[in-house]
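In what follows, a structure is listed as structure tokens, so that the remarks can point back to it.
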Amino acid sequence: MKSFWALLHRDVTLAIREGGAIGTALGFFLVVVSLMPLGLGPDLNLLSRIAAGILWIALLLAALLSLNRIFEADHEDGTLDVLATGPLPLELVTAAKSLAHWVTTGIPLAIMAPVLGILLNLDLAAYPILVATTLVGTPAVSFLGAIGAALTMKTRRGGLLLALIVLPLYVPTLIFGISAVSAGAGPTGLAASFLILAAISLVTIVLGPLAAAAALKVHLQ
Amino acid sequence: MQTLTQRLANPTRFMELSARLLPWISAAAAVLLAYGLYLAFFASPADYQQGETVRIMYIHVPCAWLAMMVYALIALSSFGLLVFRHPLADVSAKAAAPLGAAFTFLALLTGSLWGKPMWGTYWVWDARLTSVLILFFLYLGLIALRSALEDESAASKLTAILALVGVTILPIIKFSVDWWNTLHQPSTDFTSTVDPSMRLPLLVMAVAFTLLFFAMHLKAMRNEILRRRVKALRTQAVAGRDRLAAQGAE
């Protein structure tokens, strides 16, 4: 367990000290969200109705951009080979790396989402729900994304392929994330969507590292 | 005592067996398809509500059924490859993916053509349609991932992992019409709610399409095995030529 935390600590520190990584994702998030009113027209009623959808989609795209770095950098400089032969099971390595991606990308994006909600005239009552759903939903984004990142690690045109593979897998997260925020369904509907979102995240936290490790093993043979 | 799957692990034996089976399956598919199309277009009544458009059902339902069955077959083959390292499993998964994508596309297309007169729109974002669309994207992802990797053995294993990750979509498609209130009708109890005059054509078409798929799947598998043999022979020939050249140089 000690090496798990050490790896997590290393990846988070790297992401922070490298700079760029977190800032770029947040900047992309900001730009995509602010492009929306320019494309859809500045009608505040319309924007407030679709704000949750825009925020979630922009969040997924911003997270997608940083996915391929989960394993690529470590693969290029050989760290991944060392980790694979080390004492820590590869499943825990992928779990630590996915968790680090969530800490350095998922949490900042989730915190940024309500700030951007102001640009879209999001209903004030929806703010706490938005923060809660994005925080609960983004682990699924990171752990599913890690599967895609591991599968496409050595491919040509890796980035585009990663999007094609991962975005369909994000659909359930997106659907329940949005249906929780746009709570036209009332408190029971909200609770149901929220619980299903949490369930999706929990399942991916368990199964994601297994699938990602299986893919890495094929690559490292 | 070997089981059938174990005996089929020998590609030569598979080629012999499939060569004997393929004409029969193809012929059965052709005959049933002709009979089913005759029943569907001439011998079955128009629906009292939907009129002639109900005949789209005889194409749409078999395609939709195959879209799911083929993915299940791919997932099963992927499991066979990853767990048992069965040599034919990868050939089967590779050959089935484009076929499955084609049937899924046909199901979406015929469904949308049927939706226009019935629902007044080509497309609605209801749960059944959306989940089948995701299934179509999954097929595309499988094909794209395989074509993006040069090392064939790595490509087949990675594609198999992706296929197993994606298998969660199957129950969602199956039960989407029961879980959510959707425009797409819930699954019918085949024996009681479909009128007998339409039950027979639908059944014949479903069997015909399934046989058609297996005929194409077997043929594609045979092509894939032959392609691999040609590739192996080429590599051997090149290696032999290099050796001769090296000897000549001495």
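The values are calculated or read from the model by the stated rules, or taken from the named source; none is laboratory data. Since the structure is predicted, the reported quantities are computational estimates derived from the model, not experimental observations. Here the Cβ positions follow ideal geometry from the backbone for every residue, glycine too, while neighbour counts run over all protein chains shown.
Numbers below:
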| item | result |
| --- | --- |
| Boolean, B:Trp125 is within 14 Å of chain A (Cβ to nearest Cβ) and surrounded by fewer than 16 Cβ atoms within 10 Å (Cβ to Cβ) | yes |
| Index of the failed condition, B:Gly115 passing every other in (1) in contact (Cβ under 8 Å) with a residue 40 or more places away in the chain; (2) more than 27 Å from B:Leu226 (Cα to Cα) | (1) |
| Residue in region A:214-221 that is surrounded by fewer than 18 Cβ atoms within 10 Å (Cβ to Cβ), on the phi < 0 side of the Ramachandran plot, of a type in the set (D, E, K, R) and modelled with pLDDT under 85 present | no |
| Test: B:Thr191 is of a type in the set (Ser, Thr, Tyr) and either closer than 19 Å to B:Ala93 by Cβ or at pLDDT 90 or above (or both) | no |
| Selection from region B:1-31 of residues that are closer than 19 Å to B:Leu211 by Cα and touching a residue at least 12 places away in the same chain (Cβ under 8 Å) | B:Phe14, B:Met15, B:Ser18, B:Ala19, B:Leu21, B:Leu22, B:Ile25, B:Ser26, B:Ala28, B:Ala29 |
| Residue that is nearest to the chain's Cα centre (by Cα) [pool: residues in region A:38-54 that are of a type outside the set (Gly, Ala, Ser) and modelled with pLDDT of 85 or more] | A:Ile54 |
| Criterion violated by A:Thr155 - all others in (1) within 14 Å of chain B (Cβ to nearest Cβ); (2) assigned to a helix (DSSP H, G or I) satisfied | (2) |
| Counted residues, region B:128-149 - those being facing another protein chain (nearest Cβ under 8 Å) and hydroxyl-bearing (Ser, Thr, Tyr) | 1 |
| Given (1) within 8 Å of chain A (Cβ to nearest Cβ); (2) under 18 Å from the mean Cα position of the chain (by Cα); (3) crowded, with 20+ Cβ neighbours inside 10 Å, number of the condition B:Leu164 does not satisfy | (3) |
| Verdict on A:Leu174 being in a helix (DSSP H, G or I) and either under 13 Å from the mean Cα position of the chain (by Cα) or without any contact (Cβ under 8 Å) to a residue 24 or more places away in the chain (or both) | yes |
| Helices (runs of 4 or more DSSP H) fully within region B:1-110 counting 2 or more residues that are touching a Pro at 6+ places or on another chain (Cβ under 7 Å) | B:11-38 |
| Any chance A:Val33 is within 19 Å of the chain's Cα centre (by Cα) and under 21 Å from A:Asp123 (Cβ atoms) | yes |
| Conditions (1) at pLDDT below 85; (2) crowded, with 17+ Cβ neighbours inside 10 Å; (3) within 24 Å of A:His219 (Cβ to Cβ): number failed by A:His101 | (1) |
| Which listed residue is more than 11 Å from chain B (Cβ to nearest Cβ) and either surrounded by 22 or more Cβ atoms within 10 Å (Cβ to Cβ) or of a type in the set (Ser, Thr, Tyr) (or both), from A:Leu124, A:Leu162, A:Leu197 | A:Leu197 |
| Residue ID - nearest to B:Ile134 (Cα to Cα), chosen from residues in region A:156-189 that are at pLDDT 75 or above and of a type in the set (S, T, N, Q) | A:Thr173 |
| Selection status of A:Leu99, farther than 20 Å from A:Leu26 by Cα and not β-branched (Val, Ile, Thr) | no |
| From the options B:Glu52, B:Glu152, residue that is more than 11 Å from chain A (Cβ to nearest Cβ), free of Cβ contacts under 8 Å to residues at least 12 places away in the same chain and closer than 17 Å to B:Glu224 by Cα | B:Glu152 |
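Residue-wise test of (1) buried (at least 16 other Cβ atoms within 10 Å of the Cβ); (2) over 30 Å from B:Thr12 (Cα atoms); (3) at pLDDT 90 or above.
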{"residue": "B:Val204", "(1), (2), (3)": "yes, yes, no"}
{"residue": "B:Thr210", "(1), (2), (3)": "yes, no, yes"}
{"residue": "B:Met216", "(1), (2), (3)": "yes, no, yes"}
{"residue": "B:Met221", "(1), (2), (3)": "yes, no, yes"}
{"residue": "B:Leu233", "(1), (2), (3)": "no, no, yes"}
{"residue": "B:Glu250", "(1), (2), (3)": "no, yes, no"}
